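Trainee: Structure incoming, see below.
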Amino acid sequence: MNYHWNWGVYLEQVSSGDETYLDWIISALGWTMAVSMSAWIIALVLGALIGTLRTTPNRWLVAIGNIWVEGFRNVPLLVQLFLWFFVVPEFLPAELSRWVKQDMPAKEFFTATICLGLFTSARVAEQVRAGIQSLPRGQKMAGLAMGFTLAQTYRHVLLPMAFRIVIPPLTSEFMNIIKNSAVAFAIGLMELTFISRQMIEESGQVFESLLAATILYTVCAFAANRVMTFIEKRTRVPGYIAGAK
């Protein structure tokens with residue numbers, strides 16, 4: 001293979017400005033993490049709410065939760081992204097639609113964040129539902145017997161224990177949301193995948209460009225894993241969940 005390696009490409013100046021390719025990569029990393037963390041907050045909040053609704057005795061709330069989960073979970077993420085970016089603005093009132101399509105600041109960022117957050121919330125909701133339903137029925141009955149309302153029982157008894165159980169699968173979702181943020185390149189957000197493609201077009205250094213993105217995605221996902229592992233150890237109930245190691 002007659003490929004010309006150039007590890008100094010990161011410090012070279014881009015042809016379209018005074019920045020270096022390293023500046024591009026650092027900026028792209030910032031956008032990637034901004035989208036990932038913002039979407040993760042949305043996913044956790046909505047996922048906890050929807051997951052809880054699916055375990056209540058109210059069949060209408062259960063139905064709403066099921067529709068939410070099946071709707072967002074069964075449509076490919078990239079298709080959802082295009083729907084939010086191109087289709088949803090067309091159904092808004094005329095003035096709002098015009099603002100969204102033409103004048104909205106950071107439209108790509110907000111669209112990617114909302115789409116990724118809602119998509120992941122369906123997956124988080126399934127984890128939360130499974131965590132609640134895995135608890136002994138006696139915990140719910142004990143909370144009600146102590147005089148708690150159903151909402152208070154969820155808040156003070158069921159959810160704290162359920163979240164401890166589902167931290168491992170939530171760790172996978174946290175890592176996935178960082179990797180899934182790569183789809184945002186399709187709507188023009190200048191995150192890591194977008195910038196790696198730009199570097200390839202401008203510099204012609206394919207492996208160096210893709211390697212930089214690959215390493216940074218790996219580092220970010222691994223950091224998310226370590227953070228969640230730390231939280232799991234700090235919140236573990238000795239003798240109840242997986243035992244202390």
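The values are calculated or read from the model by the stated rules, or taken from the named source; none is laboratory data. Here the structure is a predicted model, which means the values were calculated and not measured. Note that each Cβ is placed from the backbone with ideal geometry, even for glycine, and that neighbours are counted across all protein chains shown. These area figures cover heavy atoms from the full protein model, side chains too; ligands, DNA and RNA do not enter into them. Shrake-Rupley method; radii C 1.70, N 1.55, O 1.52, S 1.80 Å.
Trainee: Check Ala106, Ala63, Ala125 and return the single one that is within 22 Å of Pro168 (Cβ to Cβ) and among the small types (Gly, Ala, Ser).
Mentor: None of the others qualify; the one that does is Ala125.
Trainee: Looking only at the stretch 179-192, how many residues end up being part of a helix (DSSP H, G or I), under 10 Å from Ile25 (Cα atoms) and more than 16 Å from the chain's Cα centre (by Cα)?
Mentor: 0
Trainee: Let me ask something else about it. Residues being farther than 22 Å from Tyr217 by Cβ and free of Cβ contacts under 8 Å to residues at least 40 places away in the same chain: count how many of those fall in the stretch 5-27.
Mentor: 4
Trainee: Still on this model: Conditions first: (1) within 19 Å of Gly131 (Cβ to Cβ); (2) open to solvent by 70 Å² or more (accessible area, probe 1.4 Å). Pro169 passes all but one, so which condition is the exception?
Mentor: (2)
Trainee: Mind checking whether some residue in the stretch 63-72 is farther than 27 Å from Ala221 by Cβ, β-branched (Val, Ile, Thr), touching a Leu at 6+ places or on another chain (Cβ under 7 Å) and in a helix (DSSP H, G or I)?
Mentor: Yes; the residues of the stretch 63-72 include at least one that is farther than 27 Å from Ala221 by Cβ, β-branched (Val, Ile, Thr), touching a Leu at 6+ places or on another chain (Cβ under 7 Å) and in a helix (DSSP H, G or I).
Trainee: In addition: Can Arg129 be described as in contact with an Asp or Glu (Cβ under 7 Å, 6 or more places away or on another chain) and at pLDDT 90 or above?
Mentor: no
Trainee: Determine which member of the set Glu232, Glu191 is under 25 Å from Phe109 (Cβ atoms) and acidic (Asp, Glu).
Mentor: After applying the criteria, what remains is Glu191.
Trainee: From the list Thr111, Thr149, Thr120, which one is open to solvent by 70 Å² or more (accessible area, probe 1.4 Å) and either among the polar types (S, T, N, Q) or under 27 Å from Ser181 (Cβ atoms) (or both)?
Mentor: Just one listed residue meets the conditions, Thr149.
Trainee: For residues in the stretch 58-85 being open to solvent by less than 30 Å² (accessible area, probe 1.4 Å) and under 17 Å from Gln127 (Cβ atoms), which is nearest to the chain's Cα centre (by Cα)?
Mentor: Going through the qualifying residues, I end up with Val69.
Trainee: Suppose we keep only residues that are in contact with a Gly (Cβ under 9 Å, 6 or more places away or on another chain) and of a type outside the set (Gly, Ala, Ser) within the stretch 126-148. Which one would you say is farthest from Val45 (Cα to Cα)?
Mentor: Ile132
Trainee: I'd like to check which helices (runs of 4 or more DSSP H) are fully inside the stretch 84-173 and have at least 3 residues that are touching a residue at least 12 places away in the same chain (Cβ under 8 Å).
Mentor: 107-133, 137-145, 159-165
Trainee: Of all residues in the stretch 28-58, how many are free of Cβ contacts under 8 Å to residues at least 60 places away in the same chain and either within 20 Å of Thr193 (Cβ to Cβ) or among the charged types (D, E, K, R) (or both)?
Mentor: Number of matching residues: 2.
Trainee: For the stretch 1-57, how many residues meet the condition of being open to solvent by less than 40 Å² (accessible area, probe 1.4 Å), of a type in the set (D, E, K, R) and under 24 Å from Thr214 (Cα atoms)?
Mentor: 0
Trainee: Name the residue, out of Leu158, Leu189, that is closer than 22 Å to Leu49 by Cβ, aliphatic (A, V, I, L, M), modelled with pLDDT under 95 and buried (at least 16 other Cβ atoms within 10 Å of the Cβ).
Mentor: Unique residue meeting the criteria: Leu158.
Trainee: Considering only the stretch 200-208, I want to know if a residue exists there that is outside any helix (DSSP H, G or I), of a type outside the set (Ser, Thr, Tyr), exposed (fewer than 15 other Cβ atoms within 10 Å of the Cβ) and more than 18 Å from the chain's Cα centre (by Cα).
Mentor: Among the residues of the stretch 200-208, at least one is outside any helix (DSSP H, G or I), of a type outside the set (Ser, Thr, Tyr), exposed (fewer than 15 other Cβ atoms within 10 Å of the Cβ) and more than 18 Å from the chain's Cα centre (by Cα), which makes the answer yes.
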